[in-house]
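A.B. asks: Pasting in a structure now, in structure tokens, and then I'll have a few things to ask.
The values are calculated or read from the model by the stated rules, or taken from the named source; none is laboratory data. Source: prediction; values computed, not measured. Virtual Cβ from ideal backbone geometry, glycine too; neighbours counted across all protein chains shown.
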Amino acid sequence: MRDTNFLTENNARHMWHPMAHPAEMRAHPPRIIAAAQGVEITDIHGKTALDGVGGLWNVNLGYSSAPVKQAIADQLEALPYYSVFRGTANAPQIELSYELAEWFREDGLTRAFFTSGGSDSVETCLRLARQYHKVNGQPERTKFFALKKGYHGTHFGGASVNGNPAFRRNYAPMLDGVFHLPAPYPYRSTLDTENPAAMARIIARQFEDDIAFQGADTIAALIVEPVLGAGGVIVPHPTLLPLLRAICDRHGILMIADEVITAFGRTGAWTGSRLWGVKPDLMATAKAITNGYFPFGAAMISDRIAQAFEANSDTRGLISHGYTYSGHPVGAAAALATLAEAKRLNLAANAAARGAELMAGLHALKSRHAVIGDVRGIGLMCALELVSDPETRTGLGKDKVQTVQDVTYDAGCMVRTSGSNIIFSPPLIITSDHVARMLAALDAGLAAVK
Ligand code: PLP
């Protein structure tokens, strides 16, 4: 590896980072991570810290999963690549589609379309939703609904349904015919109540009202995250998704669950849809499917949607969509090993148990740090919202949020910031001792902005 000066200097000179301003790179150079083991990362200065971020919500098994590494190495040896475009297939991809059909059977999803990541999976779901209606004889159903504060990746379709205008502003114009429902976000409610159940009812009523106004026969799908991740870990009331599902059913609108973060155990359930008792028509997955070791994803398709395509032999059913790396054999092998390990270690149960400890600890910190305005989370996806004034709920300034992150890191834990939120999404294999150490490091970080 080149020396630290070379890396820092050339990062600023030659590398543009996602979700960052190129002009920031000299003033705030990134931490350059050189190695990782278990649930700890080590930077180029030799500093080691617990990874409270889990890579980017994806390294559920931590960094030392021997079976996943071995599966990748073996597959690289046997068949490092072959396409799955019409006319060819590869064995790991077929085996994975079989395993995923088992994994998601309870969610009613039995077909897989493979992608290179979350944005691809979302894009695939949006396209398949529109195509389904064409196949089904309702080509005028093209509009999409989504939730404000939702995050659906960065392709033009996903960014168009994104519930945060910051992700669209610099790239507009986006897709036409996209509509957003209020966020189920009691701490900063835009509705007349902060009661989560009442908010769910209002959001559902708004959906019904908008459907009547737009015309149900013009609407393709609603896309929702079962727990809104990048928007600040917003956990909807348990009634919200069932209410929205029922409305979709009444009006022939498809429900797309964006489970890029929530599939594979992070919420304490194996899927976020199962957590709330809904069956989506399409589901976007990625991230933890390969434990972050290989870029990969899958759009999952319900029996009902699949049958409409499979029973139709005309050109409307032709899937003129896909990626060079769809069904990459190395990614598929990584996913097969990851799923087997996730099941063997019962990661969802550990996420629920350790998540409860982490949430209890975060609430305890709230009673001692006035800067914590809100604590939210479920399983091992948790957030603190930091405020400069608990009465007005004014968000803490960027520099202070940065200080919390820096001091927490120095004290031994990497956390992620998003606006005035501090976000935890650690590997799902963490122990109670790791939770205690993460909380102690965060305590130090919060004390620095008292
Ligand atoms: N959907 C959700 C809910 C996400 O959280 C993300 C990424 O964080 C995406 C889609 C996009 O995934 P990717 O960054 O792999 O393209």
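A.B. asks: Among the numbered criteria (1) at pLDDT 95 or above; (2) assigned to a loop (DSSP other than H, G, I, E, B), which single criterion is violated by ASP192?
C.D. replies: Status for ASP192: all satisfied but (1).
A.B. asks: Please state which of the following conditions ILE211 fails to meet, knowing it meets all the rest: (1) touching a residue at least 40 places away in the same chain (Cβ under 8 Å); (2) away from the ligand (no atom under 16 Å from the Cβ); (3) not in a helix (DSSP H, G or I).
C.D. replies: Going through the list (1) touching a residue at least 40 places away in the same chain (Cβ under 8 Å); (2) away from the ligand (no atom under 16 Å from the Cβ); (3) not in a helix (DSSP H, G or I), ILE211 breaks only (3).
A.B. asks: Across the stretch 146-170, what is the total count of residues that are more than 15 Å from the ligand (Cβ to nearest atom) and over 18 Å from GLU225 (Cα atoms)?
C.D. replies: Taking the stretch 146-170 as the starting set, the residues that turn out to be more than 15 Å from the ligand (Cβ to nearest atom) are 165, 169-170.
Checking which are over 18 Å from GLU225 (Cα atoms) leaves us with 169-170.
Adding up the residues that qualify gives 2.
A.B. asks: Within the stretch 237-257, identify whether any single residue is in contact with a helix residue (DSSP H, G or I) (Cβ under 6 Å, 6 or more places away or on another chain), within 11 Å of the ligand (Cβ to nearest atom) and either outside any loop (DSSP other than H, G, I, E, B) or small (Gly, Ala, Ser) (or both), and answer yes or no.
C.D. replies: Yes - at least one qualifying residue is present in the stretch 237-257.
A.B. asks: Taking the options THR262, THR324, name whichever one is among the β-branched types (Val, Ile, Thr) and surrounded by fewer than 20 Cβ atoms within 10 Å (Cβ to Cβ).
C.D. replies: After ruling out the rest, the residue left standing is THR324.
A.B. asks: Inside the stretch 56-136, counting only helices (runs of 4 or more DSSP H) that do not spill past its ends, which hold 1 or more residues that are in contact with a Gly (Cβ under 6 Å, 6 or more places away or on another chain), closer than 22 Å to ASN291 by Cβ and of a type outside the set (Phe, Trp, Tyr)? Give the derivation first.
C.D. replies: Numbers: elements: 66-78, 91-103, 118-135.
In the stretch 56-136, the matching helices (runs of 4 or more DSSP H) lie at 91-103, 118-135.
A.B. asks: If you don't mind, another one. Among the residues of the stretch 376-412, write down those that are of a type in the set (Lys, Arg) and crowded, with 19+ Cβ neighbours inside 10 Å.
C.D. replies: Within the stretch 376-412, ARG376 is the sole residue that qualifies.
A.B. asks: Taking HIS28 as the residue in question, decide whether it is in contact with a Ser or Thr (Cβ under 8 Å, 6 or more places away or on another chain) and assigned to a loop (DSSP other than H, G, I, E, B). Let's see the steps before the verdict.
C.D. replies: On the way: in contact with a Ser or Thr (Cβ under 8 Å, 6 or more places away or on another chain): no; assigned to a loop (DSSP other than H, G, I, E, B): yes.
It is false that HIS28 is in contact with a Ser or Thr (Cβ under 8 Å, 6 or more places away or on another chain) and assigned to a loop (DSSP other than H, G, I, E, B).
A.B. asks: Still on this model: In the set ALA112, ALA73, which member is surrounded by fewer than 20 Cβ atoms within 10 Å (Cβ to Cβ) and either of a type outside the set (D, E, K, R) or within 16 Å of the ligand (Cβ to nearest atom) (or both)? Quick ask: steps written out before the conclusion?
C.D. replies: Numbers: ALA112 fails: surrounded by fewer than 20 Cβ atoms within 10 Å (Cβ to Cβ).
Just one listed residue meets the conditions, ALA73.
A.B. asks: Okay, moving on. Consider the stretch 99-130. How many of its residues are under 17 Å from the mean Cα position of the chain (by Cα) and charged (D, E, K, R)?
C.D. replies: The total comes to 2.
A.B. asks: Let me ask something additional. Is one or more of the residues making up the stretch 308-327 within 14 Å of the ligand (Cβ to nearest atom) and outside any helix (DSSP H, G or I)?
C.D. replies: Taking the stretch 308-327 and keeping what is within 14 Å of the ligand (Cβ to nearest atom), we get 323, 325.
Filter once more, so that each one left must be outside any helix (DSSP H, G or I): 323, 325.
Yes, there is a match, as at least one residue in the stretch 308-327 is within 14 Å of the ligand (Cβ to nearest atom) and outside any helix (DSSP H, G or I).
A.B. asks: Now a separate question. For residues in the stretch 88-109 being aliphatic (A, V, I, L, M) and over 17 Å from HIS321 (Cα atoms), which is farthest from the ligand (Cβ to nearest atom)? Full working, then the answer.
C.D. replies: In the first step, residues of the stretch 88-109 are kept if they are aliphatic (A, V, I, L, M); the result is 89, 91, 94, 96, 100-101, 109.
If we keep only those that are over 17 Å from HIS321 (Cα atoms) too, we end up with 91, 94, 96, 100-101, 109.
Values: ALA91: 25, ILE94: 23, LEU96: 18, LEU100: 17, ALA101: 22, LEU109: 17 Å.
My answer is ALA91.
A.B. asks: Condition (residue is over 25 Å from the mean Cα position of the chain (by Cα), without any contact (Cβ under 8 Å) to a residue 24 or more places away in the chain and farther than 24 Å from LYS287 by Cβ) applied to the stretch 34-44: is it met by at least one residue?
C.D. replies: No, there is no match, as no residue in the stretch 34-44 is over 25 Å from the mean Cα position of the chain (by Cα), without any contact (Cβ under 8 Å) to a residue 24 or more places away in the chain and farther than 24 Å from LYS287 by Cβ.
A.B. asks: Could you give every pair whose Cβ atoms fall below 7 Å, whose first residue belongs to the stretch 367-387 and is part of a strand (DSSP E or B), and whose second residue is modelled with pLDDT under 95, counting only separations of at least 6 or pairs across chains?
C.D. replies: Taking only residues 6 or more apart or on different chains, the pairs are GLY373/PRO390.
A.B. asks: Let me ask you something else. For the stretch 403-450, how many residues meet the condition of being more than 26 Å from TYR187 (Cβ to Cβ), hydroxyl-bearing (Ser, Thr, Tyr) and not in a helix (DSSP H, G or I)?
C.D. replies: Result for the stretch 403-450: 1.
A.B. asks: Without any contact (Cβ under 8 Å) to a residue 40 or more places away in the chain, touching a strand residue (DSSP E or B) at 6+ places or on another chain (Cβ under 7 Å) and either among the aliphatic types (A, V, I, L, M) or closer than 22 Å to LEU282 by Cβ (or both): does that describe SER116? Give the derivation first.
C.D. replies: Details: without any contact (Cβ under 8 Å) to a residue 40 or more places away in the chain: no; touching a strand residue (DSSP E or B) at 6+ places or on another chain (Cβ under 7 Å): yes; either among the aliphatic types (A, V, I, L, M) or closer than 22 Å to LEU282 by Cβ (or both): yes.
Considered against the rule, which asks whether it is without any contact (Cβ under 8 Å) to a residue 40 or more places away in the chain, touching a strand residue (DSSP E or B) at 6+ places or on another chain (Cβ under 7 Å) and either among the aliphatic types (A, V, I, L, M) or closer than 22 Å to LEU282 by Cβ (or both), SER116 comes out as no.
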